[in-house]
1. Please enumerate the residues belonging to the range 333-369 that are among the polar types (S, T, N, Q) and more than 18 Å from residue 19 (Cα to Cα).
2. Out of all the residues in the range 341-364, which are touching a helix residue (DSSP H, G or I) at 6+ places or on another chain (Cβ under 7 Å) and either over 27 Å from residue 137 (Cβ atoms) or outside the structural domain of residue 24 (by TED's automatic domain parsing) (or both)?
3. Hey, can you tell me all the residues within the range 237-264 that are more than 21 Å from residue 221 (Cβ to Cβ), within 14 Å of the ligand (Cβ to nearest atom) and either of a type in the set (Val, Ile, Thr) or modelled with pLDDT under 95 (or both)?
4. Which of the residues belonging to the range 237-258 are at positive phi and part of a helix (DSSP H, G or I)?
5. Take the residues in the range 287-324 that are among the charged types (D, E, K, R) and surrounded by 18 or more Cβ atoms within 10 Å (Cβ to Cβ); name whichever of them is farthest from the ligand (Cβ to nearest atom).
6. Considering only residues that are within 10 Å of the ligand (Cβ to nearest atom) and either at pLDDT below 95 or surrounded by fewer than 24 Cβ atoms within 10 Å (Cβ to Cβ) (or both), which ones fall in the range 95-118?
7. Can we say residue 178 is away from the ligand (no atom under 16 Å from the Cβ) and free of Cβ contacts under 8 Å to residues at least 12 places away in the same chain?
8. Could you tell me whether residue 279 is touching a strand residue (DSSP E or B) at 6+ places or on another chain (Cβ under 6 Å) and among the hydroxyl-bearing types (Ser, Thr, Tyr)?
Amino acid sequence: MDFDKRVNRDYTEATKWEKYRNVIQDKEQIPMWIADMDLACSEAIQDALLKRAKHPIYGYSDRDVSYLELFAKRFNDMHNYQVTADNIVLSTGVIYAITCALRLFSKQGDHVVILSPSYAPFTKLIEHCKRKVVRSEMVKGDERYEIDFDDLDAKLADAKVLLLCNPHNPTGRVFDHKEVTQMAKLCEKHNIVIISDEIHADITYDHHDFVPIMNVSEYTKAHTIACVSPTKTFNMAGLKISGVIIKNRSWYKTFQKEAAMIGISSINVFAMQAIKAAYLQSDEWEKENRAYLKANRNRIKEYFASCIPDIQSYQPEGTYFYWIDLSNYQESDKLLEKFLDHGLILSGGLEFSPLSKNFVRLNFACSKEQLECCLEVMKEVLTGEKLK
Ligand SMILES: Cc1ncc(COP(=O)(O)O)c(C=O)c1O
């Protein structure tokens with residue numbers, strides 16, 4: 001797949017390219033925000049969708065056990081999950097699955113702990129369900145963001161649920177075995193329900209392998225609801241597919257029944273074709289895509305070091321996000337607007353935590369050419385800014 005080739009997404013109602021069109025107006029747009037890739041899907045996925053679309057009837061369709069087996073095989077092979085089809089429930093999206101799990105396994109007013117900064121929809125869904133958001137702020141270490149385990153211990157003491165995001169959006173951390181085990185111990189100590197958002201599990205770099213929290217203890221095996229998906233991995237978020245892994249039999253049955261009743265387990269006819277093509281026929285694409293993302297990630301590190309050294313950031317271990325600290329600059333909270341004046345759209349830090357106003361998140365899943373445009377704008381804007 002030639003990922004260098006820019007794909008024009010005009011007239012496809014792509015949120016990434018439409019949301020700011022009127023704000024940017026006549027300037028060239030460089031959208032580096034919402035979490036999808038400006039990189040074409042595998043040919044196998046494209047062909048499977050075209051083939052299905054050519055059939056003129058899109059009626060009710062049965063999702064047999066083979067779809068669940070696909071998830072089980074994928075997560076056993078990639079992440080050593082040791083599950084079978086009857087540990088999996090299909091869902092139309094990770095956020096719907098998390099909301100469903102939260103409603104089923106906690107009650108109104110319960111505390112839900114998140115590692116902060118945090119993917120913004122987490123706080124929205126927790127508040128929507130009338131539970132209380134409790135942030136455990138991660139801290140800057142020498143080489144990476146670290147979990148503050150004393151703080152996490154204290155916050156879990158009064159909580160019902162840990163809503164974990166691993167690999168972590170926005171910091172790009174992939175929690176290692178020691179960290180995951182330590183989180184698991186604290187969850188056991190405080191009898192916590194673990195809802196684990198693992199949507200970015202397949203996108204990791206170097207030796208940073210993803211460790212499923214469900215795998216690290218008997219307690220987590222029985223108390224984890226893991227939400228997984230092919231949509232980030234294969235760039236098909238618009239098709240709305242995810243899987244929910246639950247080993248606890250009674251929790252599985254409760255979740256499966258509710259998911260069916262509220263309709264989220266009903267993935268659509270196109271999603272059904274796409275998932276088969278993704279998990280069975282897109283290995284080569286996946287390998288090439290991961291290498292491309294890694295090269296982009298490395299390029300950002302190199303560019304910041306040589307051209308914008310006052311930016312502070314750690315190289316992400318997973319995901320396609322760079323979490324960038326601009327607090328060396330005066331009025332750093334105004335820089336988001338200045339980037340926008342040049343057509344560059346990044347995610348502002350305040351989306352992720354009230355403490356992150358000096359941060360931006362950069363989605364580097366795009367062509368090299370688009371990434372270079374982004375880096376050049378960042379350099380141009382920041383060169384004119386005063387340092388503290
Ligand atoms: C951590 C995380 N969870 C969930 C989602 C959204 O998942 P879905 O579209 O399946 O609801 C995203 C998308 O950016 C994400 O980054």
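The values are calculated or read from the model by the stated rules, or taken from the named source; none is laboratory data. Keep in mind that what you see is a predicted model, and the values were worked out from it rather than measured. Cβ: placed from backbone, ideal geometry, glycine included. Neighbour counts: every protein chain shown.
1. 353, 356, 358, 367
2. 342, 343, 344
3. Answer for the range 237-264, where residues must be more than 21 Å from residue 221 (Cβ to Cβ), within 14 Å of the ligand (Cβ to nearest atom) and either of a type in the set (Val, Ile, Thr) or modelled with pLDDT under 95 (or both): 241, 264.
4. Those that are at positive phi and part of a helix (DSSP H, G or I): none in the range 237-258.
5. Among those that are among the charged types (D, E, K, R) and surrounded by 18 or more Cβ atoms within 10 Å (Cβ to Cβ), it is 297.
6. Those that are within 10 Å of the ligand (Cβ to nearest atom) and either at pLDDT below 95 or surrounded by fewer than 24 Cβ atoms within 10 Å (Cβ to Cβ) (or both): 95, 96, 99.
7. Yes; evaluated as a whole, the condition is true for this residue.
8. no
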